[in-house]
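Reading through the structure tokens given below for one structure.
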Amino acid sequence: MTWWDDEDVFAQLRNQIAGNEPFSFIDGPVTANKELGVHTAWGRTLKDVFQRYKAMRGFDLRFQNGFDCQGLWIEVKVEQELGLNSKQDIEEYGLENFANKCRDKVAWSVEELTRGSKRLGNWMDWGNDYLTFSDTNIEYIWRFLKTLDARGWLYKGHRATEWCPRCGTSISQHEITMSGVYQERADPSLFVRLPISERPGESLVVWTTTPWTLPANVAAAVHPELDYGLRPNGEWVAVEIYPDDDFTETRPGRELVGWHYEGPFDDLEPGGATDHVVIPWKDVTLDQGTGIVHIAPGCGTEDFELAGEHGLAVLTPVDESGRFYSDYGWLAGLTTAEVRQKVIDDLEVRGRLVEATEYVHSYPHCWRCDTPLIFRIADDWYIDVSEIRPQLLEANSGIDWTPAYMGKLMNDWLNNMDDWNISRSRFYGLPLPFYPCECGEVTIIGSKRELEEKATSGLDQLQELHRPWVDKVKVRCDHCGRTDLTRVTEVGDVWLDAGIVPFSSLGWQNDEWIEGGYATGAAVGLSNADLPDNTYWEKWFPADWVTEMREQVRLWFYSQLFMSVALVGKAPFRSVLGYEKMLAEDGREMHGSWGNLVIAEEAFEKMGADVMRWMFCAHPPDRNLLFGYEGAHEVQRKLLTLWNSVRFLVDYGNIEGFEPNYSDLHGGPDGVELREIDRWLLGRASQTVENATEALDRWRVDELIEDFKDYLDDLSNWYIRRNRRRFYNFDEAAFRTLWVGTVTALRIIAPTMPFLTEHLWNILVAGPCDEAPRSIHLAGWAAPPIEIDHALLTEMAVTRRVVEAGRRARSEANIKLRQPLSKAIVRGGDLARNHSEDIKNELRVHELVFDEETTVEVTIKPNFPVVGPRLGSKMKDVAAAFASGDYEETGDGTVLAAGVELAQHEVVRTERVTLEGWAAAHDGDISVAIDPTLDDDLIQEGRALELIRRLNEQRKQEGFDVTDRIALRLPAEHSDLLGTHQDWIAAEVLAVLIEVDPDLDAPSIEVVPER
Ligand SMILES: [Zn+2]
Ligand SMILES: [Zn+2]
């Protein structure tokens, strides 16, 4: 990393691509209230990988990073640090002090996040970040709001909303969908008796899990079409829920409508003054409760709507901090949690309680402070979505979503969303520029300049567009001429802040480019970002690609889409990569308040940035990622394979004086005779490049990693393994092939693991090749080194499967790999015939035959549970075809029967070895059988092999150079090996002299100086 800085590699890259065709990426801002966590590092990794990839492909990129700097997220952190527990505490602390603390928090976090991201290898234009609390960003949102107001979409609503009593603000519908909001929680389950006024001795029984809402009850709802029954004890309930009960009278719900009853808390003034009545409601369900629903219009959305329909009173029992108002008598001043038991006890004493138990359910909590939410009636500012909804759906249909189901989620959301609640009763956020006047007009300010024009006082102290300063500016009403209008106190939904970014950071409708012009207001000193001009916006809008976690479908992706369609009538991005959640290793959600968030710094220490990046990249986006250190070990093992391959090449290359040609990477090694296996490896390299390109173009780096692992296995466990001997005595074609094969592997994995690949590039390429770029990241994206010979690749793939099956057959028979065997028979691996020498060698068999002898009887049947659901009624014909043996194997693992193709996993193969005592294993349609019988010759050969292995081990332990020639002396027990196997042993261990020494217990080796 220091080297990147010293050499200014990133700046070189930016110069290299400047002015090329643009690839526009817009960064979703990370909230600047914390250090970098691993969940954020996941997203940052994906962003970095694809930006690096596109840059390697030669596209020009902006690399602008973004920080989310205002709103509840920032406030909550500051409140925690200052020990403030309510809005009143903040007001006492002073808004100016609080705002300054919020900015300090952001400044600290910006530094932390930048440092962590750099350590992650994230190449961004650090220092030119967009910060959503800049005055410029705020002004762009003002302009958006003013535009909407001109269309009549903005209104002030009075309605029931989810409310956080601690934060003292409403929470909007899309915030409820954030992860961690719904949590299991036990609430009381109360059945309450409500005496019917017209029918003495009879009661309605209602059910609730929120005791605090009972004092606000005004109605009981029944389903007009369902039957209700009267129990002998005088209780009315829905018949269907209690089918075994005796009822003395049964009536349809509509006949209960209009009955009056005594409220649950008529002793408290608001309830006592209210008429309680039974109303009809078609949405009454019978899955819970009694079929008679307690209605408190001040405490629920549907209840509130019913109040409108039926002219019911709306009792709002609690204030914005969730405490009962003073007219609620003995409940006054208590919180909803505090009254829980008091309410139950009081009902009990008065004989109103039928039953009180516990009920565990999934309940929404505040996403920032974890307090259980309540419903409350509040005045909020809304954007009417009815007119824009069809346009949003239309725009979404043109967006390319990966995985595709996330586009469907967006579609569902757009179809179902309510009007957008944009106001929050908080402090450090976007100041809503609404100035209501006594004359009835609301002045909406669209820019700072307009504020200045209309201001009548307070401008002199306006240091930035935040509370408390902005609140002190008074403006003039153009309608009636009043001069003392003050701003509403609400701030805006944070998703407005991030949603405007495709306009504010790109300079939409800005006439003249302003250097440093974006970093205004609170952002001064934290960024140098320019405010570009409209030409620039036209070039970079819409984004080609954005990526964030799935929950952003209803958050940032949504707010951006909404604002963009509203302002310019089209989507702000062409394609999206969404990914699922990150969970802790035990599958729990990661949550700030649960203490199981992992700080990226800790993960860097434990696994290193590259390993972490690999883990993130290898993970399919449609599954939750369980973050833990176990997964890191597997990655490290894979990397060790890569590392060992490079070391092999370097060690032998150094010994043999190998000098690579940079031009070999384009077109393959020329001027040397390539063997078939060389062409195979280069072909595999080409294929891997093609697959990698294709996968990244579909935003699926996980597929690239899968493919890369296969390639690495071919390179290391086949190419190097099969050609080891060629490297011992300088075979130029082998060296050059392996070099191209290894460097190509590095290049496709470079965006994923920028550090390791840079290091290896330096060793393998930049060091020895003068004409090569100094950095792998400046070398462009790899091109396929040679044309692919597909037939050859298929042959070799089959060969490797034959070898694997043969190895399994050996282990089935419990025979060590080093023990030679007499014979193996292959069935179904005809394509491997040309490579029988390789197979014999790998399996250590003296004779290999293909298909000539029947040794294994294979029966194939459909895998009914797997294939049945797919085929349906066709299954019968297929089963019959299999039963009569009327099926055909295609050779690639699939089977044709009754005109249907069944994939490898859709059939079950069973095999019986027909030769007495043989062992067999199979891989799809390939079977390998081996004769495990050992004779004296085979045993002796096995011992010779074992000896060779031990001697080579000994050479290593005693620190011999790989080229050292040795004198070997053996104890008497090995003397019988020297007859047949002497030359072979000598060649394998580089012995120039072998003798038997009866005095020795173990072999002895010593270097023979070269003459
Ligand atoms: Zn809260
Ligand atoms: Zn006015």
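Figures for the structure shown
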read-out: Residue among N644, N624, N654, N661 that alone is open to solvent by 10 Å² or more (accessible area, probe 1.4 Å), without any contact (Cβ under 8 Å) to a residue 40 or more places away in the chain and either farther than 19 Å from E585 by Cβ or in contact with a strand residue (DSSP E or B) (Cβ under 8 Å, 6 or more places away or on another chain) (or both); value: N654
read-out: Residue match in the range 155-167 (condition: at pLDDT 95 or above, more than 16 Å from ligand 2 (Cβ to nearest atom) and among the hydrophobic types (A, V, I, L, M, F, W, C)); value: no
read-out: Selection from the range 333-373 of residues that are hydrophobic (A, V, I, L, M, F, W, C) and either open to solvent by 60 Å² or more (accessible area, probe 1.4 Å) or over 18 Å from V181 (Cβ atoms) (or both); value: L334, A337, V339, V343, I344, L347, V349, L353, V354, A356, V360
read-out: Those residues of the range 800-840 which are under 20 Å from R724 (Cα atoms) and free of Cβ contacts under 8 Å to residues at least 24 places away in the same chain, in sequence order; value: S836, E837, K840
read-out: Selected residue (criterion: modelled with the highest pLDDT) from residues of the range 603-632 that are farther than 28 Å from M406 by Cβ and part of a loop (DSSP other than H, G, I, E, B); value: G608
read-out: So R376, is it at pLDDT below 95, in a strand (DSSP E or B), open to solvent by 10 Å² or more (accessible area, probe 1.4 Å) and within 16 Å of ligand 1 (Cβ to nearest atom); value: yes
read-out: Failed condition for D149, given (1) more than 16 Å from ligand 2 (Cβ to nearest atom); (2) under 19 Å from A566 (Cα atoms); (3) surrounded by fewer than 24 Cβ atoms within 10 Å (Cβ to Cβ); value: (1)
read-out: When residues of the range 5-19 are limited to those that are in contact (Cβ under 8 Å) with a residue 40 or more places away in the chain and not in a helix (DSSP H, G or I), the one surrounded by the fewest Cβ atoms within 10 Å (Cβ to Cβ); value: G19
read-out: Condition met for V206 (at negative phi, crowded, with 17+ Cβ neighbours inside 10 Å and touching a Ser or Thr at 6+ places or on another chain (Cβ under 8 Å)); value: yes
read-out: Residue match in the range 736-745 (condition: closer than 23 Å to A11 by Cβ and of a type outside the set (D, E)); value: no
read-out: Residues that are part of a helix (DSSP H, G or I) and more than 17 Å from T641 (Cα to Cα), drawn from the range 715-739; value: R725, R726, F727, Y728, E732, A733, A734, F735, R736, T737
read-out: Of all residues in the range 592-602 being closer than 21 Å to H619 by Cα and outside any helix (DSSP H, G or I), the one that is modelled with the lowest pLDDT; value: N596
read-out: Test: residue in the range 571-587 that is assigned to a helix (DSSP H, G or I), within 23 Å of N122 (Cα to Cα), of a type outside the set (S, T, N, Q) and open to solvent by less than 60 Å² (accessible area, probe 1.4 Å); value: no
read-out: Residue ID - farthest from ligand 2 (Cβ to nearest atom), chosen from residues in the range 476-518 that are of a type in the set (D, E, K, R) and open to solvent by 20 Å² or more (accessible area, probe 1.4 Å); value: E515
read-out: Selection within the range 448-466 - open to solvent by 30 Å² or more (accessible area, probe 1.4 Å) and assigned to a loop (DSSP other than H, G, I, E, B); value: Q463
read-out: Residue in the range 774-792 that is under 30 Å from A919 (Cα atoms), in contact (Cβ under 8 Å) with a residue 24 or more places away in the chain and in contact with an Asp or Glu (Cβ under 9 Å, 6 or more places away or on another chain) present; value: yes
read-out: Residue check for K54: surrounded by 22 or more Cβ atoms within 10 Å (Cβ to Cβ) and within 16 Å of ligand 1 (Cβ to nearest atom); value: no
read-out: Number of the exception - K282 against (1) assigned to a helix (DSSP H, G or I); (2) surrounded by fewer than 21 Cβ atoms within 10 Å (Cβ to Cβ); (3) among the charged types (D, E, K, R); value: (1)
read-out: Odd one out for D246, checked against (1) open to solvent by less than 60 Å² (accessible area, probe 1.4 Å); (2) out of contact with any Asp or Glu (no Cβ under 9 Å at 6 or more places or on another chain); value: (1)
read-out: Pairs, first in contact (Cβ under 8 Å) with a residue 60 or more places away in the chain in the range 942-954, second open to solvent by 10 Å² or more (accessible area, probe 1.4 Å), C-beta under 7 Å, six or more apart; value: G942/R818; G942/Q819; L945/R818; E946/R818; R949/R818
read-out: Long-range neighbours under 6 Å by Cβ, at least six apart or interchain, first residue closer than 13 Å to R115 by Cβ within the range 34-46, second open to solvent by 10 Å² or more (accessible area, probe 1.4 Å) and assigned to a helix (DSSP H, G or I); value: E35/E112
read-out: Complete set of residues in the range 43-74 that are modelled with pLDDT of 95 or more, in a helix (DSSP H, G or I) and either closer than 30 Å to R424 by Cα or under 21 Å from the mean Cα position of the chain (by Cα) (or both); value: G43, R44, T45, L46, K47, D48, V49, F50, Q51, R52, Y53, K54
read-out: Residue in the range 440-463 that is under 24 Å from E75 (Cβ atoms) and within 16 Å of ligand 2 (Cβ to nearest atom) present; value: yes
read-out: Hits in the range 853-912 - residues which are free of Cβ contacts under 8 Å to residues at least 12 places away in the same chain, touching an Asp or Glu at 6+ places or on another chain (Cβ under 7 Å) and more than 20 Å from R801 (Cα to Cα); value: L896
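Conditions tested, residue by residue: (1) over 23 Å from H158 (Cβ atoms); (2) within 16 Å of ligand 1 (Cβ to nearest atom); (3) among the acidic types (D, E).
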residue	(1), (2), (3)
T371	yes, yes, no
W381	no, no, no
Q391	yes, no, no
E394	yes, no, yes
W401	yes, no, no
S425	no, yes, no
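Quick grid of which residues meet (1) within 23 Å of V962 (Cβ to Cβ); (2) of a type in the set (A, V, I, L, M, F, W, C):
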| site | (1), (2) |
| --- | --- |
| L674 | no, yes |
| R679 | no, no |
| T688 | no, no |
| N691 | no, no |
| D713 | no, no |
| Y719 | yes, no |
| R726 | yes, no |
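The values are calculated or read from the model by the stated rules, or taken from the named source; none is laboratory data. Just so it is clear, the model here is predicted, and its values are computed rather than measured. Methodologically, a virtual Cβ is constructed for each residue, glycine included, from the backbone with ideal geometry; neighbour enumeration extends over all protein chains shown. Side chains included, ligands, DNA and RNA excluded: accessible areas come from the protein's heavy atoms. Shrake-Rupley method; radii C 1.70, N 1.55, O 1.52, S 1.80 Å.
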